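S.K.: Have a look at this one before I ask anything.
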Amino acid sequence: MFGYRVPAPDQAMLISGGRRGQGGAPFRVVTGHGKFVLPVFRKVRFLTLAMCEAEVSETCVTRQGIALTVRAVIAFKVGNDTESVVNAGQRFLSDQDQMSVLTGRIFAGHLRSIIGSMTVEEIVTERQKLATEVLETSKTEMAKIGLIVDSLQIQSIDDGETGYIEAMSAPHKAAIQRQAQIAQAQATQASAEAEQEAVRNQAEYSRQTAVVQAEYAAEVDRAKARSAQAGPLAQAHAQQEVLAARTELAERAAQLRQQELVAEVVKPAEAEAERIRLLALAEAERMKIQAEAAASHDRVALDRMLIDQLPQIVKEASAGLANANVNVLNGTDGLGEIAAGLVGQGLTILDSVRRNLGTPEGQDGKTDKNGGTAAQQGHNGRVEIE
């Protein structure tokens, strides 16, 4: 629309002519909205509110007398309030590029002033402190010209050819290099140790693998050996069992043969010995009776004595058989033969005594042939006495 003007978002519209602005300013300030401006009677100018930049490169002398070249960058702008716009408009409206030049000169002066009160070590190690002090000292002066500083950055500090900063950094460089060398040595050592550990682990793994393989091979060999020996072992066990059975059979056969020998040899011999013992007893008894008869010269008494002693003789014979082990091989016939033998032996003994009573004393040790045969009749009847 004709005569209607609108400033940009980063601009302040200054309208001169007509009535004055705030605080007696020669213009009115309009920001953020448009306004009708009468042509010819009013004049409109625009002041930038955008961010501006100023660079500073100044040679400063420290408290130690060492010259330092300091490079810095200042970011600034016109303040948003009307007072700041009026102050900046009155100073820079015709040549707004002068804001950067003037700002740089203002900060250069403050840098020289502040650096002159500091040492090189403080400047190098406390750059943020330097920037903060410069901002604080320049804030009032910048506000007077309607500018505000957003930031100040110290880009570089150079001592030229003096080499002070280089010398100051030498111990730190040496320490850093030493630490770097130590770190490199430690890294190398760690790498070597790791490599050695890897070699040891590999060797240990190889050893364990070899051990396991050897154990597997030994187990396989043992299994093969057991398998190969299974047949001979089974055959040996079978032969051992056969030998054991044969040994047991032989022992049983020996025991049976021993029993047969006892029955065939020992028992008959014992029975014969018992018979001889009985005959000896009878002979002794006969001689006793004969002696008694000779002493009494009484034949009748002698016969009666013999008759009275016959049961005792038979009893002695039977007593001898009572302690003997008699094996009857032919049942009831054998028992009958034993009884007949006992009676026969008693009669034979009695008859022998009678015949021998008339025999001279030097011949009383001989026995009748028939008597001997009769004494053996009990034995011929298949009776074994032991």
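The values are calculated or read from the model by the stated rules, or taken from the named source; none is laboratory data. For clarity, every value in this text was computed on a predicted model and none was experimentally measured. Methodologically, a virtual Cβ is constructed for each residue, glycine included, from the backbone with ideal geometry; neighbour enumeration extends over all protein chains shown. Keep in mind that these areas ignore ligands, DNA and RNA; they rest on the heavy atoms of the full protein, side chains included. Shrake-Rupley method; radii C 1.70, N 1.55, O 1.52, S 1.80 Å.
S.K.: Let me confirm something: among ALA75, ALA88, which residue is free of Cβ contacts under 8 Å to residues at least 60 places away in the same chain and aliphatic (A, V, I, L, M)?
M.R.: Values: ALA75 fails: free of Cβ contacts under 8 Å to residues at least 60 places away in the same chain.
Going through ALA75, ALA88 in turn, the sole match is ALA88.
S.K.: Looking at GLU141, GLU166, GLU161, which is the one that is surrounded by fewer than 12 Cβ atoms within 10 Å (Cβ to Cβ) and either in contact (Cβ under 8 Å) with a residue 12 or more places away in the chain or closer than 17 Å to GLU58 by Cα (or both)?
M.R.: GLU161
S.K.: Take the conditions open to solvent by 40 Å² or more (accessible area, probe 1.4 Å) and in contact with a Gly (Cβ under 7 Å, 6 or more places away or on another chain) and apply them to ILE148. Does it pass? Break it down into steps so the answer makes sense when it comes.
M.R.: On the way: open to solvent by 40 Å² or more (accessible area, probe 1.4 Å): yes; in contact with a Gly (Cβ under 7 Å, 6 or more places away or on another chain): yes.
Criteria met by ILE148.
S.K.: Answer yes or no as to whether LEU68 is out of contact with any Leu (no Cβ under 9 Å at 6 or more places or on another chain), in contact (Cβ under 8 Å) with a residue 60 or more places away in the chain and crowded, with 17+ Cβ neighbours inside 10 Å. First the steps, then the outcome.
M.R.: Details: out of contact with any Leu (no Cβ under 9 Å at 6 or more places or on another chain): yes; in contact (Cβ under 8 Å) with a residue 60 or more places away in the chain: yes; crowded, with 17+ Cβ neighbours inside 10 Å: yes.
So LEU68 fits the description; yes.
S.K.: Then there is this: From the list ALA293, ALA254, which one is at pLDDT below 85 and open to solvent by less than 80 Å² (accessible area, probe 1.4 Å)? Talk me through it step by step, then tell me what you get.
M.R.: Details: ALA254 fails: at pLDDT below 85.
Of ALA293, ALA254, the one residue that is at pLDDT below 85 and open to solvent by less than 80 Å² (accessible area, probe 1.4 Å) is ALA293.
S.K.: Here's a follow-up. What is the one condition in (1) surrounded by fewer than 19 Cβ atoms within 10 Å (Cβ to Cβ); (2) more than 25 Å from SER169 (Cα to Cα) that VAL134 does not satisfy?
M.R.: Of everything listed in (1) surrounded by fewer than 19 Cβ atoms within 10 Å (Cβ to Cβ); (2) more than 25 Å from SER169 (Cα to Cα), VAL134 misses just condition (1).
S.K.: Oh, and also: Pick from GLU58, GLU83: which is acidic (Asp, Glu) and crowded, with 16+ Cβ neighbours inside 10 Å?
M.R.: Working: GLU83 fails: crowded, with 16+ Cβ neighbours inside 10 Å.
Just one listed residue meets the conditions, GLU58.
S.K.: Looking at the range 60-82, which of its residues are part of a strand (DSSP E or B) and under 16 Å from SER117 (Cβ atoms)?
M.R.: Filtering the range 60-82 down to residues part of a strand (DSSP E or B) leaves 60-61, 67-78.
CYS60, VAL61, ALA67, LEU68, VAL70, listed by residue number.
S.K.: If you go through the range 200-220 one residue at a time, do you hit one that is over 27 Å from the mean Cα position of the chain (by Cα) and either surrounded by fewer than 10 Cβ atoms within 10 Å (Cβ to Cβ) or assigned to a helix (DSSP H, G or I) (or both)? Can you show your working first?
M.R.: Here is the first cut: in the range 200-220, the residues over 27 Å from the mean Cα position of the chain (by Cα) are none.
There is no residue in the range 200-220 that is over 27 Å from the mean Cα position of the chain (by Cα) and either surrounded by fewer than 10 Cβ atoms within 10 Å (Cβ to Cβ) or assigned to a helix (DSSP H, G or I) (or both).
S.K.: Applying the selection to the range 29-65, what residues are without any contact (Cβ under 8 Å) to a residue 60 or more places away in the chain and of a type in the set (Val, Ile, Thr)?
M.R.: VAL30, THR31, VAL37, VAL40, VAL44, THR48, VAL56, THR59, VAL61, listed by residue number.
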